[in-house]
Amino acid sequence: MASPFQRYSRATVVAGAAAAGLLVIGAPVTAFALTGTFSSSSTSAPAHAGASGNSEGGPHWTVGAKSAVVKAAAVKAGTSAAGLPVYGYVAAAGGDEVIKVDVATDSIVGEYGADTGEGIAVTPSGSTLYIAQTGQYSVIATNLTTGAQAEIEVGAYPQDVAVSPSGALVYATVTGGDTGPGGSDQVAVIDTATNTVTSSITVGNAPRQVVFSPDGSRAYVTTSDGIYVINTATSRVVRFIPDSSDPQGIAVSPDGSTLYVTNPDAGTLWQVNAASGRVEGVVAAGAEPYSVTITPSGSTVYVADENSDSVDVISTATGRVTGSIAVQGLPMSIAATPDGSQVWVGNGYTGSISVISTATNAVTDTMSGGGQATALNSATTAIAFGPAAS
């Protein structure tokens, strides 16, 4: 059966943030040649739906007023399957901290120090938060009950972390300036029982984001030359999917069958068969699509477009862009709440979070912590959700 995704030619878009001379944290690096081949069409890019959203937020991590409907949705989003509160964790890289937010009340309930934390992940039990200290050589393990922190040396400038579904392992992408152990082509494997590095896996140059399959048997890593697939039982690379468009963001469908990969250079989102590694479709996104998330139902993909200050809404059933939502400046991180009722978008330029209702695909709230006067000082580089510690 043909994939609903199609390959489109990218429309020329002026990259506003780049033209303004802004620094994009974690910006993609040099692309490599694509060695794989597959069919394409010359169909023009689909027009994006009219953008909707709100204005720039003020500083100091404040929260806008909510309607009764929005409050009810927030309460729903703020409870885990076990009935425990859900917390959102926001990496404010420029402010050297990770902020803990109660999803039901949109109130800040904790802050944890980290040097330019660009990647964060929470264990399934909610007991530990792992922070990739991109400004250092370590990952920080934070006890979410006591607040105690322990540094785990992994190599120069780790960019992202992911916790396995079992909670037993953490993978950290290491983006340092040298190749080899602890260098720019490594993924560090951390045992969460001891918080020590047990091995390193060699992948491609400049590893970026990492995600686990729902069953934990595979890990997927984006690099400057493509996507690497790792067998987590053997810690070995079992497949390489070449991508010359400098892949960055990656998400896995809830059933584990499909990968969604952003290509900022090409302005596209790839749909990849996780079992075969075959690229089954490509859809045109906005300018510089950087990060991606998928709802727990698997029905909708949301893509943060850095240089168009918008979020694409894409149906996984049809492979079409069904809407474009205006957010604030330089959206660089995105995550769906565990119940799928909200999508949070981290805006790097304004240091704020735009909260999108998945029922209406409109921005219903804004949590602000930066503002243009302090551009990138509180760049929201990563978002993760987790339950209260059990």
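The values are calculated or read from the model by the stated rules, or taken from the named source; none is laboratory data. All values reported here derive from a predicted model rather than from experimental measurement. With ideal geometry, Cβ positions are generated from the backbone for all residues, glycine too; neighbour counts draw on all protein chains shown. Ligands, DNA and RNA are excluded from the accessible area calculation, which covers all protein heavy atoms including side chains. Shrake-Rupley method; radii C 1.70, N 1.55, O 1.52, S 1.80 Å.
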Inside segment 234-349, counting only strands (runs of 3 or more DSSP E) that do not spill past its ends, which hold 1 or more residues that are free of Cβ contacts under 8 Å to residues at least 60 places away in the same chain?
236-242, 250-252, 258-263, 268-273, 289-294, 300-305, 310-315, 331-336, 342-347
Any chance T381 is buried (at least 24 other Cβ atoms within 10 Å of the Cβ) and touching a residue at least 40 places away in the same chain (Cβ under 8 Å)
yes
Would you confirm whether or not segment 364-381 contains a residue that is at pLDDT 95 or above and aliphatic (A, V, I, L, M)?
no
Regarding segment 178-185, can at least one residue be identified that is among the acidic types (D, E) and surrounded by 17 or more Cβ atoms within 10 Å (Cβ to Cβ)?
yes
Members of segment 214-227 that are open to solvent by less than 30 Å² (accessible area, probe 1.4 Å) and assigned to a strand (DSSP E or B)
A219, Y220, V221, T222, T223, G226, I227
Condition test on S315, is it within 18 Å of A335 (Cα to Cα), surrounded by 23 or more Cβ atoms within 10 Å (Cβ to Cβ) and of a type outside the set (F, W, Y)?
no
Selection from segment 101-126 of residues more than 21 Å from the chain's Cα centre (by Cα) and outside any strand (DSSP E or B) yields A104, T105
Selected residue [within 26 Å of N143 (Cα to Cα), of a type in the set (A, V, I, L, M), modelled with pLDDT of 90 or more and in contact with a Pro (Cβ under 8 Å, 6 or more places away or on another chain)] from V187, V170:
V187
The residue that is farthest from A266 (Cα to Cα), considering only those in segment 198-213 that are open to solvent by 10 Å² or more (accessible area, probe 1.4 Å) and in a strand (DSSP E or B), is T198
